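The values are calculated or read from the model by the stated rules, or taken from the named source; none is laboratory data. Source: prediction; values computed, not measured. Note: ideal-geometry Cβ built from the backbone for every residue, glycine included; neighbour counts use all protein chains shown.
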Amino acid sequence: MTTGDGDWQRDLVRELTDVPQSGGGASHSADPGAQSEPRSEVRPEVRSKASASPQTRDPRTPAPAASSPAPAPESLPTIDPRLAIALGRPQHGDSTARRAGAGLRRLTASAGREVAEQTRYAEELQQPVTTGRVVAVTSIRGGVGKSTVSALLGRTLNHYRQDPVLTLEADAALGTLPVRMGAESVRWSAGDLARILTPAMQLTDVTGYLVPVADGGWLLPAGQGRVGAPLDVATYRAVTLALRRYFAVTVVDCETLPGEVARTAMDTAHARVVVAPMTAEGVHGTRQVLDWLASLPHSALASTVVALSAATPDATLDTKAAAAHLREPGVTVVALPYDRHLAQGGPIHTAKLARDTRDAAVRLAAEVMRRAVRVR
Ligand SMILES: Nc1ncnc2c1ncn2[C@@H]1O[C@H](COP(=O)(O)OP(=O)(O)O)[C@@H](O)[C@H]1O
Ligand SMILES: [Mg+2]
């Protein structure tokens, strides 16, 4: 898996031959990934954002190129409208006083250093990619902020990049990604797309099956918010492989480790994020995940970033000591502070994030992108 960009097609073939033929249960004959191996010598370029318009196709009228034997799923709301009202108004992550103070601080001497840092991160975030990069986000247990981190990454990358960015949900456990990304309804799932995608499809055909995100970018949910068949490894591989042709970066909100799809996603991604809760046991468990990543054959650790997430304002763990413990095997740790707006749940509004949260999201995305571009 350490071939250069010129070996993109060979990588695809190898990844396809890696697909376990016995497991999964997905129909391999309809596997679009298997057919997506381009026969021509044309390098599948990552298309520019300009060619992707949310209005290009109504999802209810699928692409003519698609031949879906199954009936089209109906569009379902991500959240009961009564609950959406119960959520109340979105809070700002920073208090009014803090917001005023931050404005003043920015005029002081440290401003120059800050600008230099922002410029460096922006450059990293905007690095060109020749082939689609996949970033897998996982954790050792649920509820620690995986979907929140995935949504922040997807939004941040989309904000900085000119080419299309996809946020993909690969968590069958009634994940919250569609709500966090602001999707009001969902229709097509990753499993549906694995059956529908064909190599002949254009980006505009594919986006007809995706949910356009309000600030830009695209979302593909794992399901329709029902308890249903979990995503299997073969489907995961097929859908990520096929979608890599169209999207510069795909952020995958995985199930928790050691689930099979999560392990596959972590193993095959270009960069990895392990979300660790800011507790002693969370950091201890995450260290064990890092040790597992270190044992993978293709230096997975070198392309891993830990997001140390404070999901409560009462975290007492010494962040420096925790970060040092996680940094030992050689990974970068980015602390994601507690944020009132994130704690509230519901759609994430970037403008409502605390300044520190936005800075952390930019740094995390830049660290991820640097690794995703460098590896393979
Ligand atoms: N940085 C944060 N600050 C405050 N609350 C957070 C933060 N990250 C996550 N949360 C809270 O934790 C909850 C669970 O996060 P979520 O991303 O859904 O976890 P997971 O996907 O790992 O199950 C969120 O609904 C939110 O209330
Ligand atoms: Mg989740």
Scan segment 233-291 for residues that are of a type in the set (S, T, N, Q), away from ligand 1 (no atom under 16 Å from the Cβ) and part of a helix (DSSP H, G or I) and report the count. 5
Is there a residue being over 14 Å from the mean Cα position of the chain (by Cα) and either at negative phi or in a strand (DSSP E or B) (or both) anywhere in segment 164-171? no
Filter segment 202-212 for residues that are of a type in the set (A, V, I, L, M, F, W, C) and in contact with a Pro (Cβ under 9 Å, 6 or more places away or on another chain); the one that is surrounded by the fewest Cβ atoms within 10 Å (Cβ to Cβ) is Leu203
State the number of residues belonging to segment 247-262 that are away from ligand 2 (no atom under 16 Å from the Cβ) and at pLDDT 95 or above. 4
Quick check on Ala194: is it modelled with pLDDT under 95 and over 26 Å from Ala84 (Cα atoms)? yes
Matching residues, segment 141-173, being over 23 Å from Asp232 (Cβ atoms) and within 12 Å of ligand 2 (Cβ to nearest atom): Gly143, Val144, Gly145, Thr148, Val149, Ala151
Considering only residues that are in contact with a strand residue (DSSP E or B) (Cβ under 6 Å, 6 or more places away or on another chain) and within 16 Å of ligand 1 (Cβ to nearest atom), which ones fall in segment 314-338? Thr319, Ala323, Val333, Val334, Ala335, Leu336
Could you give every pair whose Cβ atoms fall below 6 Å, whose first residue belongs to segment 248-266 and is over 22 Å from Arg287 (Cβ atoms), and whose second residue is within 12 Å of ligand 1 (Cβ to nearest atom) and assigned to a strand (DSSP E or B), counting only separations of at least 6 or pairs across chains? Val252/Ala170; Asp253/Val137; Asp253/Glu169; Val261/Ala170
Could you check segment 269-284 and list, in sequence order, the residues that are more than 14 Å from the chain's Cα centre (by Cα) and either of a type in the set (A, V, I, L, M) or buried (at least 19 other Cβ atoms within 10 Å of the Cβ) (or both)? Ala276, Pro277, Met278, Ala280, Gly282, Val283
Top-ranked residue of segment 146-173 - restricted to ones that are within 9 Å of ligand 1 (Cβ to nearest atom) and at pLDDT below 95, ranked as nearest to Ala271 (Cα to Cα): Asp171
Looking at segment 351-372, which of its residues are crowded, with 19+ Cβ neighbours inside 10 Å and of a type in the set (A, V, I, L, M)? Leu353, Ala354, Ala360, Ala361, Val362, Leu364, Ala365, Ala366, Val368, Met369, Ala372
Specify which of the listed residues (Ala315, Ala343) is at pLDDT 95 or above and within 30 Å of Gly88 (Cβ to Cβ). Ala343
What are the residues in segment 113-145 that are within 16 Å of ligand 1 (Cβ to nearest atom), buried (at least 20 other Cβ atoms within 10 Å of the Cβ) and over 16 Å from the mean Cα position of the chain (by Cα), if any? Ile140
